[in-house]
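What follows is a short report on a single structure.
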């Protein structure tokens, strides 16, 4: 299996920005995605309540592994 190039990965994620930005359609494969995002957000707010930036470390597509 051929791994995707950086350019191919960037292109795919650029096309998915709107889908992943919408909590109703973003992580449809994860049944508890909405609650997971809410819990993660709440934890971050409690740990660093005055934070103004957040680093998104991304995710992996099983097809690229």
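The values are calculated or read from the model by the stated rules, or taken from the named source; none is laboratory data. It should be emphasised that the depicted structure is a prediction, and the values quoted were computed from it without experimental measurement. Neighbour counts are summed over all protein chains in view; Cβ atoms, including those assigned to glycine, are modelled from backbone coordinates with ideal geometry.
Is at least one residue of segment 48-60 outside any loop (DSSP other than H, G, I, E, B), within 15 Å of the chain's Cα centre (by Cα) and at pLDDT 65 or above? Looking for residues that are outside any loop (DSSP other than H, G, I, E, B), within 15 Å of the chain's Cα centre (by Cα) and at pLDDT 65 or above, one finds none in segment 48-60, hence no. Among the numbered conditions (1) modelled with pLDDT of 85 or more; (2) on the phi > 0 side of the Ramachandran plot, the only one that residue 5 does not meet is (2).
Within segment 45-65, residues that are under 18 Å from residue 5 (Cβ atoms) reach no partner that is modelled with pLDDT of 90 or more and assigned to a loop (DSSP other than H, G, I, E, B) with beta carbons closer than 6 Å at six or more positions or on different chains.
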